[in-house]
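First the structure, in the form of structure tokens, and then the observations on it.
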Amino acid sequence: MNEKYAIALDIGTSGIRAQAHNLETSKIISTAITLRHPLPGANVVDHLHFAIEVGEETAHKLLINTINDVIKNLGINLENVERVAVCGNPIQLSLFHNIEIRDLAYWGDNVLKRLNITPPSRDATIVSSDKIGLEVNQKAKIYIPPAIKHEIGADALAMLFKSGVLEKNGIFLVADFGTNAEIALVINGDVYTCSAAAGPAIEGQMIEKGKLASPGAICDFEIVDSGWKSQVLDDELIVKEGNIVDPLNGNIIYKGYMDGKSNGITGTGVIAAFSLGLATKIISLPKIKSPDHMIHLQDEIYLSEKDIIMIGKALGAFRAAYLTLAEEAGILLTEIDSTYMAGASGFYVDPHKSLGVGQIPPSSQEIYQLGNTSLAMANDIVMNPDLLEKLQEIAKGMRSKHIMLATSSIFEKIYSLELAMCEQGMQFWMYNNWLNKYGFQKIPPQTSTPQIHKIFERDIKELGKNGLKIVKINSTLMADFEECTNCMTCTKNCPERALKMENGTATVRTDLCNGMGCLKCELSCPEKIFKFGKFLSMK
Amino acid sequence: MSYEELENKMDQTFIAVRYNVEIEGAAIKPEEDLDVVNIIPTEEPFRAIALAVLYEDRDASLANVEKALANDIPPIDIINKGLMKGMDAVSLLYTKGFYFLPDLMLAGDGMMEGIKECEKVLGHKSETKGTVVSFVAEGDPHDIGKNLVVMFLRAGGYEAIDMGRDVPTVDVVKAIKEHKPIFVTGTALMTTTMTVFPKVVEALQKEGLEVPAIGCGGGAVRKDFVESFPMSVYGVEAYHAPKLADAIVKDKKTWKDLRKEYADIVGEFVSEYS
Amino acid sequence: MKRFTRMIYKNPDEMVFGKAKFPVSQRWNIQIGAGYVLPEIKVAPVEGSEESKEKMVSECRNITQSACDRAVAIGLPAFMLEQEHIFQQTNNPEWTAECTQIQAETLENYHDEYDIKISLRATPADIRLEERSPGLRESDYDNKVMESIEASAANGASDVAIETIGGKSVSDYGIARGDPKAILFGIGVLGSIDMEYMWKRIVNVCKKYDCRPAGDTDCAQANTAMFMAGGLLDKDCSHTLAALARAMAAARSLVAVECGAIGPLKDCGYENPIIKAISGVPIATEGKNAVCAHSDLMGNLTAAVTDVWSNESVYHRQEMGGTTPEVWLQATGYEAALMNTALQTGQEKVLRDLYTLTDKYRDPQGLVLAYDNAYRIGEAIVKYGNDPYLRSRAAALEAGAIINEAVDAKKMYLTRFERDSLDSALKIFEGLPAESDQFIDECLRKYSRKIAEFDPKSYEL
């Protein structure tokens, strides 16, 4: 067997996805993914922060080692790999490429000047695999697609390219929902973009019982009889029927197949619960109107008022973001012809619920769920390497305007209304009145007849004949602390149980660790000798 | 019996109850709130000035103040008896859940416009409870939190020096030297930028400077991080800022006291401090 | 066309149920508004009957038969049967013809046998579609509506009524978004323009037959606001805004009378008391005996000055007490009997006032329709009687003033939602241009872009 292969890679904040192609038959052979990211942290800024504080080289190596593990699981002879294409947001691609990342960590000129940082070019480029350290044929070429601009990465290019809206006349809203949502409003080819920091609640993180999509996670609900029926992911990540539970007290009304088998709730699950909670008036922000102020789900999983406020704010950030774009572009939300939801969470969420909770404009009539567009674009590039040049042209020629939400006075006004709704219980009619008072458009009523186009069965279009393999990340970093008294305060305080300490040698599971957003190990050390920055050596 | 006679015989609630009003309360004019009545002055022109702030009417606020100044009303009285009273009422309605964040922001604008006008006549800054320096961490553009803090501080009677977003540490130190604030607030949304807080403290210590407290807060900032370096206190909500400042000014509290007595000082349950 | 610029009733106390300034006489020896109240029964054909003409005809006959049986069984001296068309009936005028004919025959048999006074009202459906070219005017659907009206008139209907939908595209937009200007434009301007187009033709058709042109209601617009407003705790549309929409609807529905409609005005027009005060025509209304069809907040108040008391609509089916035509005619029949007893004993004004007072302060929507307040709104309308825009706006402003007076007198309390939306609507209305042309220009510019379904050509604008 001397078939030639190519690999498409998507480096996402919540995991790595790889697909092997047979270059002769042009067919996908297999797919391998991880369910976490190897770098510590819950979001991409944490990954970035880790790289800056602990070391860019360490971060790069951690990432590449994991990618090597993933592609080994594709079941192909890696020596026969001719090319690799990769896609992801600018931080992930820069970590992969091992180029300057600090320009992405700070806003404004002050830090860049002080640290003498020159932002690197993030144009399309081809590098050889030995430069990156990928364990494929060392002559294999690695294709890295361009960022559109400093703030808008190849991931945003992918969602715009794959939705096909750049060449169409009309008004389109395209969004990749994640911890950091990339949102673009395209008006007859003119592109308005923004990046909404929704926070990790949208991926099920920072929610007390939340978790990323993985076996045992509750991912959706529907109202059945007088209770909520949950949908739970099984070991193969297939959605299976869970229990019907009375959300007010947790009483089981009906036992489903996944009874006793759930262990947390995903971001889409939280959105679904939020949507049902609002519809049934169990949630009246910022309160939950049950005897103990909790929403009870199956297997003693629950949502607290704090969780509800978190998800409310995350969804509020989306609404404030697209409304800001519409106001900046001078269009009405009702004029949007189609709405495109990219990414895994934009694929698995029930759009009817997205409409109701404001994740997408309630007037969205045509809704397309695109799935993972980064991986799809990487697939396009490996099958047609010339595309890279064309993508560079598209990126260069794009008439785009990036709206920095953090400095937009429109966004500030709207987001303060979102905060007032989530935290203070301001009513929606008042929210609309305020929009009117500010001279902005009101949020239109919800359409009763949305057309939902879900083209594929899962967020990855085609898994290949050898199917899907889920790869466990097992990366660790070590550090020695000579003055350690072995009091074990650090390990006890680790919320993810990612830390081990033996005779002054600390070992951390990097994929489990919450990283710079947590630092409970370092902060709790009574001797003040634990320094997270010392985690440099790889096992 | 005439229609009116019949109508006056009736106890309406015996026939029909407007449960929406029962539950939400009847809409009243803000100045008719039982507590607000005691705050808003009855004497003109102060009443009109206070009401313009209460009604979040920037233009009216400015016009009222200009008119009062033209009539030789002392600017200090306009501020203390008019503008500040209006803002006190707004803050009160906010804590009662009748007013919301945007109300505060708009009313605050009206108040500030008026104060500026008064200060022009006064020729100097008006007397406040104290000066506070507020900044957003270097490299961080997210200033909504800081804007709220500044607004609450001003509403609470403090002179808040707004340094804006992305403020280099040297500038923060310079401002502290210049203004000798009773309190400093620093905010950050990104984990990458919150790391400047300990650096600000370090720089102050190097220069031998000290402030009673630096309140640190914002999106990614957490209490255990803030308490890992001295001179700081973790601020949970923007509206806590003037209460912390009050504790410093009135009761001479230090950053150590603020950390210990946070919930008592802000007067409510704070889960982060429980 | 002569518009109303003065009130026919000289004061509100003159108005009472069962009596109108201009009673209507119809075939089968019936008078309406001539000293007694008529109960009305209306039943919607059962699902499936639209499948064929034969099924529909037999359904109509059965409904009529049942109603007549119960009417004589409980001794009703008079009643009205209304047939509100479903789409297929109007879209196939030959269905209309046969259905009306069989109903008329059935009723006539009872009239002949028992001398019971009977009225047959035919209400073709307004099946026109604004968003489908060529719009409301001269489309196939428009022609079908007119043919169906003619078929009703020619085949024995005592009168014809309709609920036209002109302006609905814009008012729906306004109601869903709380945009008072769009509501005023949709109801007051577009609604009035389309009413004129429809009713001049309807009146001409009726003249050819022994059939009266009765009236039109703003069911498509003001009732949409009322249904959206819902119960006291709902917040989809504020009850104060719904009250203003109702006042504006009076200025719009009055156009039918100005074109020659003589009443009784159609039942679901809650604005009818205002039009009765202005024009003196008899009206049909509905309230507590229409709970089978929908919920409102003025179940008794709407009876105060009624002439025909209706059940609105109910599916044709079996209840424990009989079929729905039987049961609900009995309900409206006994209520009419109470009113007629009051008329006979000279107590009608007491009963009228009691009806009114039970609901006057339940909700702003009822408040503005209490007959004394309805009269005030009527006065506001006739003051600007020649200008549909100005008179609608005046009606809304007067309704707002009525609500504010009740609040100031501490007779009614509003929530913040109701208060804020009333204040903002009144502020908007007060700031509108004094010239109709200017207002229409502004609205055309604003709403033809925003509302895809809205087609100015349908109104010759």
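The values are calculated or read from the model by the stated rules, or taken from the named source; none is laboratory data. These figures come from a predicted structure and were not determined experimentally. We place every Cβ from the backbone using ideal geometry, glycine too, and count neighbours over all the protein chains shown.
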Checking B:Glu119 against (1) in contact with a Ser or Thr (Cβ under 7 Å, 6 or more places away or on another chain); (2) surrounded by fewer than 22 Cβ atoms within 10 Å (Cβ to Cβ); (3) assigned to a loop (DSSP other than H, G, I, E, B); (4) charged (D, E, K, R), the condition it does not meet | (3)
Could you grab the pairs with beta carbons closer than 8 Å, sequence gap of 6+ or different chains, first residue in the range B:4-20 and at the interface with chain C (Cβ under 9 Å from one of its Cβ atoms) and more than 17 Å from C:Leu301 (Cα to Cα), second one surrounded by 10 or more Cβ atoms within 10 Å (Cβ to Cβ) and of a type in the set (D, E, K, R)?
-> B:Asn20/C:Glu418
Which condition does A:Asp46 not pass, out of (1) farther than 30 Å from B:Ala220 by Cβ; (2) among the acidic types (Asp, Glu); (3) within 14 Å of another protein chain (Cβ to nearest Cβ), if it passes all the others?
-> (1)
Is at least one residue of the range C:28-35 crowded, with 22+ Cβ neighbours inside 10 Å and more than 19 Å from C:Gly263 (Cβ to Cβ)?
-> no
Extreme residue, modelled with the lowest pLDDT, among residues of the range A:30-60 that are out of contact with any Phe, Trp or Tyr (no Cβ under 8 Å at 6 or more places or on another chain) and part of a loop (DSSP other than H, G, I, E, B) | A:Ala42
Mind checking which residues of the range A:166-185 are farther than 11 Å from A:Met341 by Cβ, among the hydrophobic types (A, V, I, L, M, F, W, C) and within 22 Å of the chain's Cα centre (by Cα)?
-> A:Phe172, A:Ala184, A:Leu185
If we keep just the residues of the range C:387-434 that are under 22 Å from the mean Cα position of the chain (by Cα) and over 30 Å from B:Val17 (Cβ atoms), which is surrounded by the fewest Cβ atoms within 10 Å (Cβ to Cβ)?
-> C:Asp387
Give the range A:417-430 a look and list any residue that's facing chain B (nearest Cβ under 9 Å), in a helix (DSSP H, G or I) and surrounded by 21 or more Cβ atoms within 10 Å (Cβ to Cβ), or say none.
-> A:Leu417, A:Leu419, A:Ala420, A:Met421
Of the residues B:Pro141, B:Pro181, which single one is in a loop (DSSP other than H, G, I, E, B) and either at the interface with chain A (Cβ under 9 Å from one of its Cβ atoms) or under 19 Å from A:Asn110 (Cα atoms) (or both)?
-> B:Pro141
So, in the range C:213-248, of the ones that are within 15 Å of the chain's Cα centre (by Cα) and of a type in the set (Val, Ile, Thr), which residue ends up surrounded by the most Cβ atoms within 10 Å (Cβ to Cβ)?
-> C:Thr217
Select, from A:Ile132, A:Ile171, the only residue that is outside the structural domain of A:Thr34 (by TED's automatic domain parsing) and aliphatic (A, V, I, L, M).
-> A:Ile171
Per the list (1) within 25 Å of A:Ala420 (Cβ to Cβ); (2) within 14 Å of chain A (Cβ to nearest Cβ), residue check on B:Ala160 breaks on (2)
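So which residues in the range A:306-347 are over 30 Å from A:Ile265 (Cα atoms) and part of a loop (DSSP other than H, G, I, E, B), if there are any at all?
Residues of the range A:306-347 that are over 30 Å from A:Ile265 (Cα atoms), as a first pass: A:324-337.
Scanning the range A:306-347 gives A:Gly330, A:Ile331, A:Leu332, A:Ile336, A:Asp337.
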Cβ pairs under 9 Å, 6+ apart or interchain, first in the range C:14-40 and closer than 21 Å to C:Arg376 by Cα, second of a type in the set (D, E, K, R) and in a strand (DSSP E or B), ordered by first then second residue, are C:Glu14/C:Lys21
Hey, could you check the range A:81-132 for residues that are at positive phi and free of Cβ contacts under 8 Å to residues at least 12 places away in the same chain and say which is farthest from the other protein chains (Cβ to nearest Cβ)?
-> A:Asn116
Out of A:Leu237, A:Leu325, report the one residue that is in contact with a strand residue (DSSP E or B) (Cβ under 6 Å, 6 or more places away or on another chain) and farther than 15 Å from A:Val357 by Cβ.
-> A:Leu325
State all residues of the range B:61-77 that are under 28 Å from A:Lys437 (Cα atoms) and either among the basic types (Lys, Arg) or in contact (Cβ under 8 Å) with a residue 40 or more places away in the chain (or both); if no residue qualifies, say none.
-> B:Ser61, B:Leu62, B:Asn64, B:Val65, B:Glu66, B:Lys67
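I'm trying to understand the selection: among the residues of the range B:176-192, which are under 20 Å from B:Ala238 (Cβ atoms) and either in contact (Cβ under 8 Å) with a residue 40 or more places away in the chain or under 23 Å from the mean Cα position of the chain (by Cα) (or both)? Reasoning before the result, please.
Narrowing the range B:176-192 to residues under 20 Å from B:Ala238 (Cβ atoms): B:181-191.
Scanning the range B:176-192 gives B:Pro181, B:Ile182, B:Phe183, B:Val184, B:Thr185, B:Gly186, B:Thr187, B:Ala188, B:Leu189, B:Met190.
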Filtering the range C:7-52 for residues that are over 21 Å from the mean Cα position of the chain (by Cα) and more than 21 Å from C:Asp112 (Cα to Cα) leaves a count of 12
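Taking helices (runs of 4 or more DSSP H) that fall entirely within the range C:108-204, which contain at least 1 residues that are modelled with pLDDT of 95 or more, more than 30 Å from C:Glu418 (Cβ to Cβ) and more than 14 Å from every other protein chain (Cβ to nearest Cβ)?
Numbers: elements: C:140-154, C:168-177, C:180-183.
Qualifying helices (runs of 4 or more DSSP H): C:140-154.
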Options B:Phe98, B:Phe135; residue that is aromatic (Phe, Trp, Tyr), in the same structural domain as B:Phe46 (by TED's automatic domain parsing), in contact (Cβ under 8 Å) with a residue 24 or more places away in the chain and not in a helix (DSSP H, G or I) = B:Phe98
